[in-house]
Every structure is written in C-alpha cells, then in structure tokens.
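Here the structure comes first, spelled out in structure tokens, and everything after it is commentary.
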Amino acid sequence: MKKNIFRDFLKIPNLLSFYRLVISFIIPGLWIKNPKSSAVFYLIISGILSDTLDGNLARILKQKTFLGKFLDPIADKCFINMLFFLLYWQKKFSGYFFLLILLRDLFILIGSFILIQKLKSIHSPTILGKASTVSQLITLVTLYIHSYSISLSPFLVTTIVNLTLLLTLVSGLHYSWLFVKAWTKSPIK
C-alpha cells in the first residue's frame with residue numbers, strides 16, 4: 001500500500017498538485033515582504049498553470065490516481081483560498097466575497113469527506129465546479145494585476161468579480177443538490 005502511494009505521488013500530475021499545495025504556504029511569506037514582487041506574480045501564474053496541467057496530463061498520460069483525486073482538490077482550495085485571503089487582507093474586495101468562496105470550498109471538502117466515508121467513493125468535479133474554479137483563478141489574476149501592476153477598467157474588474165460570485169454560488173448550490181441526492185440514494189443509512 002505504501003509503495004503504491006509513493007509511486008502515485010511521483011506521477012507528474014500529483015507532483016504538480018503537490019507543487020501548488022507547497023506554494024500555497026510560500027506565497028504568504030513573500031507577499032508580506034512585498035506583494036508587488038515578481039516572485040509572487042510568477043508563483044501565482046505557475047500555480048494556475050499547474051492547476052490547468054495536472055488534470056489534463058493525468059488524462060493524457062493515463063496517470064489518474066486515487067491520491068490525485070484527493071490531492072488536486074485540496075491543493076486547489078488551499079491555493080485559491082490563500083490568495084483570496086491575502087487580497088481580502090489587503091482590502092481589495094469585500095469580506096462577503098471572500099466568505100462565499102471560503103464557505104463553498106469548505107462545504108465541498110466536508111461534504112465530499114462525508115460521502116467518501118459513507119459511500120466509499122469520490123464525487124467527480126462538475127462542469128459548474130470547474131467553471132467556478134476557472135472564474136476564481138481569472139478573478140485572482142485580475143485583482144492582483146489591477147491592485148499591484150496595471151490599473152484595469154473598473155467595469156471589467158466588477159464584471160469578472162460578479163461573474164465569479166454567480167458561478168461560485170450556483171456551483172455551491174449544485175454541489176449541495178448532488179450531495180443530498182447521493183446521500184438519499186445511498187443504501188447505507
């Protein structure tokens with residue numbers, strides 16, 4: 001069992017997910033020193049690219065693993081929520097926006113954990129969930145660039161933030177429905 005986990009860990013998609021998890025803890029230290037640093041920007045971009053690549057490489061290289069089904073969403077949620085927290089801490093958007101994203105992600109992680117314990121299976125990401133994650137990543141880059149590099153059109157920034165709010169809310173409701181459906185259809189009560 002331990003050999004399989006180690007072998008799965010060394011697969012490229014899982015290493016990319018692990019990289020994203022690690023930089024989730026490196027970026028805050030660099031951010032506190034200077035959020036405008038090129039190191040922070042490049043780590044954010046590399047984290048976003050790793051998120052894009054890990055799932056695609058897992059399919060292309062036929063390296064989908066049980067470990068990856070846990071590691072990827074945890075890395076995503078740590079990376080995204082850490083960046084949103086840092087931007088919120090710098091007062092780049094409202095607390096409601098951060099709270100919605102954080103609570104949705106916590107709900108999904110806790111709900112998935114409960115379903116795994118009950119059903120012994122992992123719920124795959126949905127199209128709405130993926131769209132929400134993509135919009136959150138676009139929002140992070142937009143807010144970062146707008147706050148620390150180039151002043152963007154307020155209309156553009158507001159539109160991107162509002163679209164992300166909508167997708168986050170809708171995907172959270174959709175996951176709620178899927179969790180309730182899976183729970184009630186389960187033969188284990």
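Structure above, values below:
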read-out	value
Single residue of ILE145, ILE116 found to be free of Cβ contacts under 8 Å to residues at least 24 places away in the same chain, farther than 20 Å from LEU86 by Cβ, of a type in the set (A, V, I, L, M, F, W, C) and surrounded by fewer than 18 Cβ atoms within 10 Å (Cβ to Cβ)	ILE116
Close pairs (9 angstrom Cβ cut-off, 6 or more residues apart or separate chains): assigned to a helix (DSSP H, G or I) in the stretch 1-18, modelled with pLDDT under 90 and of a type in the set (Lys, Arg) anywhere	PRO13/ARG59; PRO13/LYS64
Scope the stretch 12-57; condition within 21 Å of THR133 (Cβ to Cβ), of a type in the set (D, E, K, R) and either surrounded by fewer than 20 Cβ atoms within 10 Å (Cβ to Cβ) or modelled with pLDDT of 95 or more (or both); matching residues	ARG20
The stretch 83-96, subset under 12 Å from LEU140 (Cβ atoms) and of a type outside the set (Ser, Thr, Tyr), residue surrounded by the fewest Cβ atoms within 10 Å (Cβ to Cβ)	PHE85
LEU119 being among the aliphatic types (A, V, I, L, M) and closer than 24 Å to ASN56 by Cβ	no
Top-ranked residue in the stretch 148-189 [being free of Cβ contacts under 8 Å to residues at least 24 places away in the same chain and aromatic (Phe, Trp, Tyr); ranked as farthest from ILE127 (Cα to Cα)]	PHE155
Residue count, the stretch 62-99 (criterion: aromatic (Phe, Trp, Tyr), part of a helix (DSSP H, G or I) and within 21 Å of TRP31 (Cα to Cα))	7
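The values are calculated or read from the model by the stated rules, or taken from the named source; none is laboratory data. None of the values given here were measured: they were computed from a predicted structure. For neighbour counting, all protein chains shown are included, and Cβ atoms are generated from backbone atoms with ideal geometry for every residue, glycine included.
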